[in-house]
Structures are given as C-alpha cells and as structure tokens.
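Have a look at the structure below before the remarks.
The values are calculated or read from the model by the stated rules, or taken from the named source; none is laboratory data. The shown structure was predicted, so the numbers you read here are calculated from the model rather than taken from an experiment. Cβ: placed from backbone, ideal geometry, glycine included. Neighbour counts: every protein chain shown.
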Amino acid sequence: MTGRQVDEQALEWAIRAADPLFDDWDGLTGWLEADPGNHDRYDDALAAMAEARDHVAAMPVQTAPVAANDERPVRHGFWRWGGSAVAAMLVAVVGVSVWSERSQPYAVETAPGEQRTLQLADGSEVVLAGGSRVTLDRADTRVASVERGEMLFRVRHDAAHPFRVTAGNTQMVDLGTVFDVTRDPGRVRIAVAEGAVMVDPDGAKLRLDPGQAVVASGGELRRQSATDVGGWREGRLTFDNAPLSDVARDLTRELGRTVRADPALADRPFSGTIDIRSLRNDPARLGRLLGVTVRIDGEAWVLGDDR
C-alpha cells in the first residue's frame, strides 16, 4: 500500500470519527495499532480537517428565500458544522484539497558500500553514496533534507521555485547546479562542481562557485577548495589535508566495511586520491597509500601508526 493510500485511509477515519453517530471505535483502534506510522497520519488528517473547517466557516453564509409571512432568514443546514452526512461530505471535499497541499515526506537510504540514484519528478537527480539517508517530499519535489552520509545533487534550475537542501542547521539553495553534500556528526560539507550554490540564504548568503566548498561546524562556515567533486561515484576519493578520521569515515561509506583511525592518528592530515576498487579487499595497500599500518579488528580495519 502506498503512502498516499494510507493518507486517504487516515482522512476517511478522521471524517467518520467526527460524526456523533460514529461507533466503530474498535475498528479505528485496530487501524491505528496496525502500523506505528498510522498515529502520525491520523493526527495529520485531524489537522487537515481543522483547516477545512476553518475554510468552511469563512465562506459566505447562504440563506433560503424568506416567506412573506416570516421575517427570519433561514440558514441552509449544510453550512452548519456538525455530524451530519452532508457536513462530512463537505469536509471530505475541502479536506482532500487541503490534504494534497500538505507535506508528504519519505526517506531513502543506502547501506554502506551501496550507491543509489533517485530521479525526481522535476527532472533533478540525487545520487546517494553508501551509508546515506535523505528525506524528500512527494508534495514538493524541490526540497530535500540530508540526514546522514554523502550525496550528489544534479538540479534542474527553476528561478521561480529554487531547489532547497537542508543538512542539520545548514541550508542551501541551488543557482543552477551540480553539488555534493556530506553530513557527518557535527559537520556538514558542501562542494560545487557546476553552477553555484547559495549557503545560508537567509543569513550569511555565502555563494559557492565551481571548485569551491564550505564546511559548517560549530556554527561557523569555513571556505575550502574542492577537487574531483562527486568522484566517489566512479570509485575515487580525493582529499586535501583531510584528517585521517574523515578519510576513515569516507572509506567506511564506500567500502561497505568499518574503517576507523586510531585516536592518536585521527588528526593526521592526508592529501591524495584513493582508488576504492584497487583496495576493496587489500588492507595492506590502503596502509601504504596512507602511510599507516592497517590492523584487522573483527570486521573493521583500524588505521594505526606505521612506526
């Protein structure tokens, strides 16, 4: 069953339960308990109905013709908010209209070592690296929220409706763009391959052009240069004075196995390009590339001191 079908069920239950004669509380309870997400969808349906009720209340009141011997105007009964079948039908019509405009988020994620390409309805494209998660919206294909990991956005530009991406507290708007977003704990990095991105459009208004990047950490934005943006799609990881802790994190996403740096080496900088395909099953080669030893700890590779 699709999310839209579940939303329609939620709205139907909400409309039925608004009728004073409704008595199928066991059925409603069973539906709510059938899936943990049904509670949230039902709450959203109630909110949609409340909006519909306010919409109906704001409509002009219609009056029936007044008989010559009766000075009192008579209101049509269907404008009264209550439990009648006609009122429920009216709420359904208006409620569905309101419902269609409400946010309909859904999440897509990848396992470590996996890549996935999403084609959006507006012609834009999102490519997820391994171990990544993005939240999109069926009601608005021009918004995305990077929950974790790394992903490349290839955006079809629309000046009237710009594509907006959120990663934690960092917001960005495309200016006709191919750009990469990485979100790790306490850190967000945006790097531009084509076009331009406006970072923090409501505040700093920091523009990034091709070959430029910015790191957001601790409430600060720090500019960087960017090379080989999105190279991970072809199995390349390029670093410029990146700490080994960041290198290990990126390797974990792309290799599909845990790679971690010994705390004593976590801040050691590394510059260079790593071909993932050449070392997927060769920890010794990785050690030579990074100038460290690689120790096997269960399923993990641990980067240690080579002395």
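Which ones in segment 108-125 are closer than 30 Å to Y42 by Cβ and at pLDDT 95 or above? Result: V108, E109, L118.
Residues of segment 110-139 that are part of a strand (DSSP E or B) and crowded, with 16+ Cβ neighbours inside 10 Å: R116, V126, V127, L128, R133, V134, L136.
Evaluation of D282 against the conditions (1) within 20 Å of E114 (Cα to Cα); (2) touching a Gly at 6+ places or on another chain (Cβ under 9 Å); (3) surrounded by fewer than 18 Cβ atoms within 10 Å (Cβ to Cβ) shows that the sole unmet condition is (2).
Annotation for segment 225-233: at least one member residue is assigned to a strand (DSSP E or B) and over 30 Å from E299 (Cβ atoms). In the set (1) charged (D, E, K, R); (2) under 17 Å from A107 (Cβ atoms); (3) over 17 Å from the mean Cα position of the chain (by Cα), the condition left unmet by D137 is number (3). Of the strands (runs of 3 or more DSSP E) lying entirely inside segment 161-202, those containing at least 2 residues that are small (G, A, S) and farther than 14 Å from R148 by Cβ span 187-194.
Starting from residues that are in a helix (DSSP H, G or I) and touching a helix residue (DSSP H, G or I) at 6+ places or on another chain (Cβ under 8 Å), keep the ones in segment 285-307 and report whichever is nearest to P112 (Cα to Cα). Top of the filtered list is L286. Selection of segment 197-215 for residues being buried (at least 17 other Cβ atoms within 10 Å of the Cβ) and small (G, A, S) yields only A213.
Within segment 216-230, the set of residues being surrounded by fewer than 18 Cβ atoms within 10 Å (Cβ to Cβ) and touching a strand residue (DSSP E or B) at 6+ places or on another chain (Cβ under 7 Å) comprises S217, L221, R222, R223, Q224, S225, T227, D228.
To keep it simple, each residue is scored yes or no on (1) at positive phi; (2) modelled with pLDDT of 95 or more; (3) in a loop (DSSP other than H, G, I, E, B).
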| site | (1), (2), (3) |
| --- | --- |
| N69 | no, no, yes |
| F78 | no, no, no |
| M89 | no, no, no |
| V96 | no, no, no |
| E147 | no, yes, no |
| D158 | no, no, yes |
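If you go through segment 32-46 and pick out every residue that is under 22 Å from the mean Cα position of the chain (by Cα) and free of Cβ contacts under 8 Å to residues at least 12 places away in the same chain, you end up with 4.
Taking every residue in segment 256-279 that is within 18 Å of G230 (Cα to Cα) and pairing it with any residue that is surrounded by 15 or more Cβ atoms within 10 Å (Cβ to Cβ) and among the β-branched types (V, I, T), at least 6 positions away or on another chain, the pairs with Cβ-Cβ distances below 6 Å are T273/T238.
Rundown of residues vs (1) at pLDDT 50 or above; (2) in contact with a Gly (Cβ under 8 Å, 6 or more places away or on another chain); (3) under 24 Å from Y106 (Cα atoms); (4) of a type in the set (K, R), yes/no style:
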{"residue": "G3", "(1), (2), (3), (4)": "yes, no, yes, no"}
{"residue": "L21", "(1), (2), (3), (4)": "yes, yes, no, no"}
{"residue": "G27", "(1), (2), (3), (4)": "yes, no, no, no"}
{"residue": "D43", "(1), (2), (3), (4)": "yes, no, yes, no"}
{"residue": "M49", "(1), (2), (3), (4)": "yes, yes, yes, no"}
{"residue": "R72", "(1), (2), (3), (4)": "no, no, no, yes"}
{"residue": "S84", "(1), (2), (3), (4)": "no, yes, no, no"}
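If you take the residues in segment 167-182 that are within 20 Å of P210 (Cα to Cα) and not aliphatic (A, V, I, L, M), which one is farthest from the chain's Cα centre (by Cα)? Result: G176.
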